[in-house]
Amino acid sequence: MTVWDRPEPTARPVPLDRERIVAAAIALADEGGLEAVSLRKVAARLDVGPMRLYGYISTKEELFDLMVDEVHAEILPEERSGDWREVLRIRAHRTRSATLRHEWLADLLGGRPTLGPNALAVNETTLAALDGLADLDTVLRAVETVGAYFTGAIRREVADLRAERATGLSKLDWQRASGPYVSRMLATGRFPALAKAIHDGTEVDAETSFTTGLEWVLDAVAAKLARPSS
């Protein structure tokens, strides 16, 4: 039985429900990451005994599932679009925005399917927009491909942000500190393609990189959807 199947306990002297528990857990995670979340700490935030929580949540993994589903309410588009490409584009950008607000989400993206009502609604909106454009397996692979792109790109962006905080060096500071070593390595002539990329390539910000890559992936999906299945 999933946490969504299991009814909440009846009212007790101190008001408590899963909504308050999840809100407290998200606040802790926003402040200190997933490592800051435990049933004991959530109980302390709510000023109740830890055992009180077990009537609502059995494990920390269930709590994480509830937290992820709560954030999916932020990902769910406000209006439905009939354009499959726009639906996937909005999902990708809203997932990125939600993750930048709740960095801990990056650690839980791309794992087992999320089965909460908000996550199911996000998936329903996505699949409904692609319904009838190709056979079902092609549609599913298209959604997986776009999801794999934005999940990987988001996780990489969050990893960069965490590294910047951990070292105290901005990306530019890090490049400057690494510059002498990189210049010596490139001067050996062993890495001509890399040297060209570093010297002639255009530096773009994270949002531009994310948007450009997403559009390329959507172009590839569009070409596949337009091709008759073999």
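The values are calculated or read from the model by the stated rules, or taken from the named source; none is laboratory data. Since this is a predicted model, take the numbers as computed values, not measurements. Note: ideal-geometry Cβ built from the backbone for every residue, glycine included; neighbour counts use all protein chains shown.
Structure summary
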{"read-out": "Single match in A129, A142, A153, A148 (criterion: under 17 Å from T95 (Cβ atoms) and loosely packed, with under 13 Cβ neighbours inside 10 Å)", "value": "A148"}
{"read-out": "Every pair of residues 6+ apart whose Cβ atoms lie under 7 Å, when the first sits in the range 218-230 and is over 23 Å from A92 (Cβ atoms) and modelled with pLDDT under 85 while the second is outside any helix (DSSP H, G or I) and of a type in the set (A, V, I, L, M)", "value": "S229/A134"}
{"read-out": "Filtered residues of the range 63-85 (kept if without any contact (Cβ under 8 Å) to a residue 40 or more places away in the chain and over 15 Å from the mean Cα position of the chain (by Cα))", "value": "E78, E79"}
{"read-out": "Candidate set: the range 168-207, residues that are over 31 Å from the mean Cα position of the chain (by Cα) and among the polar types (S, T, N, Q); chosen: the one farthest from I90 (Cα to Cα)", "value": "T188"}
{"read-out": "Qualifying residue in the range 167-182 (condition: surrounded by fewer than 14 Cβ atoms within 10 Å (Cβ to Cβ), β-branched (V, I, T) and modelled with pLDDT of 95 or more)", "value": "no"}
{"read-out": "Qualifying position, being outside the structural domain of M1 (by TED's automatic domain parsing), of a type in the set (A, V, I, L, M, F, W, C), closer than 28 Å to A226 by Cβ and surrounded by 18 or more Cβ atoms within 10 Å (Cβ to Cβ), among A119, A134", "value": "A134"}
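Matching residues to (1) modelled with pLDDT under 95; (2) in a helix (DSSP H, G or I); (3) in contact with an Asp or Glu (Cβ under 7 Å, 6 or more places away or on another chain):
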| site | (1), (2), (3) |
| --- | --- |
| R12 | yes, no, no |
| P15 | yes, no, no |
| I21 | no, yes, no |
| A27 | no, yes, no |
| E31 | no, yes, no |
| M51 | yes, yes, no |
| Y56 | yes, no, yes |
| E62 | yes, yes, no |
